[in-house]
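First up is the structure itself, then whatever we jot down about it.
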Amino acid sequence: MNFGKGIIIIVNKWDLIEKDNSTFNKYLKEIKFKFSYAPYAPILFVSALTGQRLENIYSLINKVKENTLRELKTSDINRVIEESVGTERVSPSDKGKKLKIYYGTQSGVEPPTFTLFVNTKELFHFSYQRYIMNNLRKVADFEGVRIKLNIKEKGDKA
């Protein structure tokens, strides 16, 4: 269940870990693997005992909250769609019918929700949706925030 909240991964007791030159990257890689469903989540290593990096928690919370409320202009959304479709990555197709994304608009916040109007919903594969979401992330800071896409066929009622 998703309630539109942001996510921050905080790793406590960092002071207890014996470290060398590769420790941070090793732990970071392991955490990213375990939380692979949320690659957009910032990761902060802290120590409550020593106070190490605790001062960063509230600024990160505020940033993620801001990101859940971020709104993009329709023109920016459509530019991202146009650039995404215009790259060498081929739009999905089936039996000669090719996916067309007519336009997109932001239809909500918490989480940021985008509605894309297409010719055929069934052609809009999950991996292509993720590709579009990643391109939206490049345009605006959505760190810590899940992006939601609603896919509608042209003519569907909103």
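Taking the stretch 48-59 as the range and being open to solvent by 50 Å² or more (accessible area, probe 1.4 Å) and more than 28 Å from Pro111 (Cβ to Cβ) as the test, the residues that pass are Ala48, Leu49, Thr50, Gln52. Restricting the stretch 77-114 to residues that are closer than 19 Å to Glu153 by Cβ and at pLDDT below 75, the residue that is least open to solvent (accessible area, probe 1.4 Å) is Ser91. Within the stretch 17-48, can you find the residues that are part of a loop (DSSP other than H, G, I, E, B) and among the β-branched types (Val, Ile, Thr)? Answer for the stretch 17-48, where residues must be part of a loop (DSSP other than H, G, I, E, B) and among the β-branched types (Val, Ile, Thr): Ile17, Val46. Scanning the stretch 115-135 for residues that are open to solvent by 30 Å² or more (accessible area, probe 1.4 Å), assigned to a loop (DSSP other than H, G, I, E, B) and in contact with a Lys or Arg (Cβ under 8 Å, 6 or more places away or on another chain) turns up just one, Asn119.
I need the full set of residues from the stretch 1-21 which are surrounded by 13 or more Cβ atoms within 10 Å (Cβ to Cβ) and under 22 Å from the mean Cα position of the chain (by Cα), in order please. Once the filter is applied, which keeps residues that are surrounded by 13 or more Cβ atoms within 10 Å (Cβ to Cβ) and under 22 Å from the mean Cα position of the chain (by Cα), the stretch 1-21 yields Gly4, Lys5, Gly6, Ile7, Ile8, Ile9, Ile10, Val11.
Scanning the stretch 22-47 for residues that are farther than 25 Å from Asn135 by Cα, aromatic (Phe, Trp, Tyr) and open to solvent by 70 Å² or more (accessible area, probe 1.4 Å) yields one hit, Phe24.
Kindly indicate whether any position in the stretch 136-153 is surrounded by 15 or more Cβ atoms within 10 Å (Cβ to Cβ) and part of a helix (DSSP H, G or I). Yes: one or more hits.
The values are calculated or read from the model by the stated rules, or taken from the named source; none is laboratory data. Keep in mind it's a predicted model, so treat the numbers as computed, not measured. Cβ sites come from the backbone with ideal geometry, for glycine too, and all protein chains shown count toward neighbours. What goes into the accessible areas is simple: the full protein's heavy atoms, side chains included, and nothing from ligands, DNA or RNA. Shrake-Rupley method; radii C 1.70, N 1.55, O 1.52, S 1.80 Å.
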